[in-house]
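Report on the following structure.
The values are calculated or read from the model by the stated rules, or taken from the named source; none is laboratory data. Note that the structure is a prediction, hence the values are computed from the model and not measured. Quick reminder, even Gly has a Cβ in these numbers, built from the backbone with ideal geometry, and neighbours come from all protein chains shown.
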Amino acid sequence: MTTFPIAQIRADFPILAEKIRNKPLVYLDNAASSQKPQAVIDSLVQVYSHEYANIHRGVHTLSVKATERFEAAREKVKNFINAASDKEIIFVRGATEAINLVAQSFGRSQFQPGDEILISAMEHHANIVPWQMLCQQTGAVLKVVPMDMQGELLFTEFENLLSSRTRLVAITHMSNALGTINPVKKIVDVAHAKGIPVLLDGAQAIPHLAVDVQALDCDFYVFSGHKLYGPSGVGVLYGKQALLEAMPPYQGGGDMIRRVTFAETEYAGLPHKFEAGTPAIAEVIGLGAAIDYINQIGIDKIAAYEGQLLEYATAQARQIPGLTIIGEAAEKGGILSFTLHKIHPHDIGTMLDSLGIAIRAGHHCAMPVMDFFGVPATARASFAMYNTPQEIDVLMAGIKSLIEVFG
């Protein structure tokens, strides 16, 4: 393994010292939600203990201080993904809400019967259902880019599905069920050549890969804080400024207005036009702290280390009789999705939990993926920067012990 300050990093995450059923915790459910470093926990305590007040509307000291920290977090997000302006950073509750915002604000105001929305066969439900709802509302049609048994998109099919009626491409950057990293820059370039905007679901990619939205040239990029070592209940919608300015508000209420009378309302400018009501103030500040923490380590170093973890885990898994890896794309993030002969994934998850090992078992909010591979569910081990080769050894030993029990 490459030089990586793993001992120091693990010490920064207090929950990793916990024991589960009298066994040391081996936390391998990071694709669902990551754990939080002490710096993020401390930021939440600091806000609620010393700096909390509602933002943007107050002139008193606490309100001014909270507002400054909230907007500083927006600047941190802007720099983290290299957006052109902080006006392009909209705080929401998570990637799901961000996609719904685009569907209802961008899509519902523009799409007509017969217009087409193009997604992929490996999408999370959050990048399927909002578009199905939009199609029901507008008469638009949902088209799906197929994939192969390696879990890779069929790029020629993607190109063939683009038509004069395609109004939006919405594609995952990294699959939560398979780990596949899609060629998103190539996807954006091909779509833009036909004048089609692109939304990228970055919920899985953002903790593991360097993301530069200007280099990608995507029109929208969405992600959640809780997978990025930050608090739950906060997420980000990035959108190109010109697109966001042309879109109507998603919700109405306080803080998204400039002037209100009973006759009419004048909306605030970006980014506040899309941030109705009191936001998740402490959580946004905590997300800023998580970004600071990641920047101290370096996202490229994290990506390289996690790549080695995945390579090690994959090599080990291939040596276990009866284990089938689901998704073996050439470009993958740190997700090992698998099945075991004669053992249901839920039983795998339950029995590994008795050994202190936390994995995810189920359809991973990607039922069409399970249907494609002909399985009811998979067991999924997903890695983060605080995981170790030794934890992978514990996982593999646990899997082997299950096979012995089930014969």
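Yes/no matrix, rows are residues, columns are (1) in the same structural domain as G362 (by TED's automatic domain parsing); (2) in contact with a strand residue (DSSP E or B) (Cβ under 8 Å, 6 or more places away or on another chain); (3) closer than 29 Å to F372 by Cβ:
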residue	(1), (2), (3)
F91	no, yes, no
A103	no, no, yes
F106	no, yes, yes
D115	no, yes, yes
I119	no, yes, yes
E123	no, yes, yes
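Would you be able to say whether some residue in the range 129-143 is in the same structural domain as T180 (by TED's automatic domain parsing) and either touching a His at 6+ places or on another chain (Cβ under 9 Å) or in contact (Cβ under 8 Å) with a residue 60 or more places away in the chain (or both)?
No.
Just one of E88, E75, E97 is within 30 Å of G139 (Cα to Cα), touching a helix residue (DSSP H, G or I) at 6+ places or on another chain (Cβ under 6 Å) and among the charged types (D, E, K, R); which is it?
Testing whether each residue is within 30 Å of G139 (Cα to Cα), touching a helix residue (DSSP H, G or I) at 6+ places or on another chain (Cβ under 6 Å) and among the charged types (D, E, K, R) leaves just E88.
Collect the residues in the range 43-77 that are hydrophobic (A, V, I, L, M, F, W, C), in contact (Cβ under 8 Å) with a residue 24 or more places away in the chain and crowded, with 16+ Cβ neighbours inside 10 Å, keeping them in residue-number order.
Scanning the range 43-77 gives L44, V47, I55, A66, F70, A73, V77.
Give all pairs with beta carbons closer than 6 Å in which a residue from the range 378-407 that is surrounded by 17 or more Cβ atoms within 10 Å (Cβ to Cβ) meets a residue that is charged (D, E, K, R); count only pairs at least 6 apart in sequence or on separate chains.
R380/R360; F383/E306; Y386/R10
Please verify whether the range 164-172 includes one or more residues that are closer than 17 Å to L200 by Cα, in the same structural domain as G202 (by TED's automatic domain parsing), in contact with a Phe, Trp or Tyr (Cβ under 7 Å, 6 or more places away or on another chain) and touching a residue at least 40 places away in the same chain (Cβ under 8 Å).
The answer is yes; a qualifying residue exists.
Sort out which residues of the range 102-128 are among the aliphatic types (A, V, I, L, M) and within 18 Å of A246 (Cβ to Cβ), and write them in order of number.
V102, A103
Can you pull out the strands (runs of 3 or more DSSP E) entirely within the range 217-323 that have at least 3 residues that are within 23 Å of the chain's Cα centre (by Cα) and either modelled with pLDDT under 95 or crowded, with 19+ Cβ neighbours inside 10 Å (or both)?
220-224, 235-239
Only residues that are farther than 26 Å from Y305 by Cβ and of a type outside the set (V, I, T): list them for the range 320-331, please.
P321, G322
Can you tell me how many residues within the range 332-354 are in contact with a strand residue (DSSP E or B) (Cβ under 6 Å, 6 or more places away or on another chain), more than 19 Å from L309 (Cα to Cα) and touching a residue at least 60 places away in the same chain (Cβ under 8 Å)?
Residues meeting the conditions: 1.
Residues that are part of a helix (DSSP H, G or I), within 21 Å of D393 (Cα to Cα), out of contact with any strand residue (DSSP E or B) (no Cβ under 7 Å at 6 or more places or on another chain) and among the small types (G, A, S): does the range 16-33 have at least one?
Looking through the range 16-33, at least one residue is part of a helix (DSSP H, G or I), within 21 Å of D393 (Cα to Cα), out of contact with any strand residue (DSSP E or B) (no Cβ under 7 Å at 6 or more places or on another chain) and among the small types (G, A, S).
Out of all the residues in the range 11-28, which are in contact with a helix residue (DSSP H, G or I) (Cβ under 8 Å, 6 or more places away or on another chain), exposed (fewer than 14 other Cβ atoms within 10 Å of the Cβ) and over 21 Å from R380 (Cα atoms)?
Selection gives P14 alone.
Out of all the residues in the range 145-157, is one or more crowded, with 23+ Cβ neighbours inside 10 Å and under 25 Å from G235 (Cα atoms)?
Scanning the range 145-157 turns up no residue that is crowded, with 23+ Cβ neighbours inside 10 Å and under 25 Å from G235 (Cα atoms).
Of the conditions (1) part of a helix (DSSP H, G or I); (2) surrounded by fewer than 18 Cβ atoms within 10 Å (Cβ to Cβ), V40 clears all except one; give me its number.
Unmet for V40, out of (1) part of a helix (DSSP H, G or I); (2) surrounded by fewer than 18 Cβ atoms within 10 Å (Cβ to Cβ): (2).
Here are H208, H192: which of them is under 30 Å from F155 (Cβ atoms), of a type outside the set (K, R), crowded, with 24+ Cβ neighbours inside 10 Å and assigned by TED's automatic domain parsing to the domain that holds V169?
H208
So for the range 61-72 (the condition being in a loop (DSSP other than H, G, I, E, B) and assigned by TED's automatic domain parsing to the domain that holds I128), does at least one residue qualify?
The answer is no; no qualifying residue exists.
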